[in-house]
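A short reminder: the numbers here are calculations on the coordinates, not readings from a lab. Here the structure is a predicted model, which means the values were calculated and not measured. Because the Cβ atoms are built from the backbone with ideal geometry, glycine has one as well, and the counts that use them run over all protein chains shown.
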Amino acid sequence: MRSIFELGYKYVFPSVMRMLVLELERLGMREAEIARRLGIPRSTVSRYLSGERGGMLELGDLPGVRMVVERLAFQVREGVAGAEDVQLRLTEAVLHALAVKALCSRHALLDSRLDPEKCRVCPTLFKGYVHVA
């Protein structure tokens, strides 16, 4: 069975990071400043903005994830959240998405042995992240 951590790393984290980059752009930040504040290359920011990176999943309809991203974007823009804060909060958002079983159907596509209706791995492992905000 494919690890849930593989799913988180390959698909979920990039999608949440893309949400953050898009929100920072919406708040008026330019690519170079976003890159500097997040500690990532400007080319990576450009790929997030174009949807070339992080565009495989849409997680904006998950209130817990949306709330984390919006709050974090404001903190990054105001200079009170650095790269370490970004890693921590985005990882919490990823764990929230896993805890609420938002990715079970995607996981099942990657691993045909997984039955999303019966699987309790994520809700069990990540139950503390259901109400991340």
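Packing-wise, with mean Cβ within 10 Å as the measure, how do 108-114, 52-58 rank, highest first?
Taking the mean over residues of other Cβ atoms within 10 Å, the ranking is 52-58, 108-114.
Arrange the following residues from fewest to most other Cβ atoms within 10 Å of their Cβ: THR44, THR91.
THR91, THR44
Restricting attention to segment 1-96, which chymotrypsin sites (Phe, Trp or Tyr not before Pro) occupy a DSSP loop and are surrounded by at most 12 other Cβ atoms within 10 Å?
none
Among all the lysines, which ones have a C-alpha under 18 Å from LYS10's C-alpha, if same-chain residues fewer than 8 places away are not counted?
Those lysines meeting the cut-off are LYS101.
May I ask you to compute the full-extension gain from LYS118 to ASP61, defined as 0.36 nm times their residue separation minus their alpha-carbon distance, rounded to one decimal in nm?
18.2 nm
So what are segment 1-104's ellipsoid semi-axes, whole angstrom, largest first, if each one is the square root of 5 times an eigenvalue of the alpha-carbon gyration tensor?
Gyration-tensor ellipsoid for segment 1-104: 22, 15, 12 Å.
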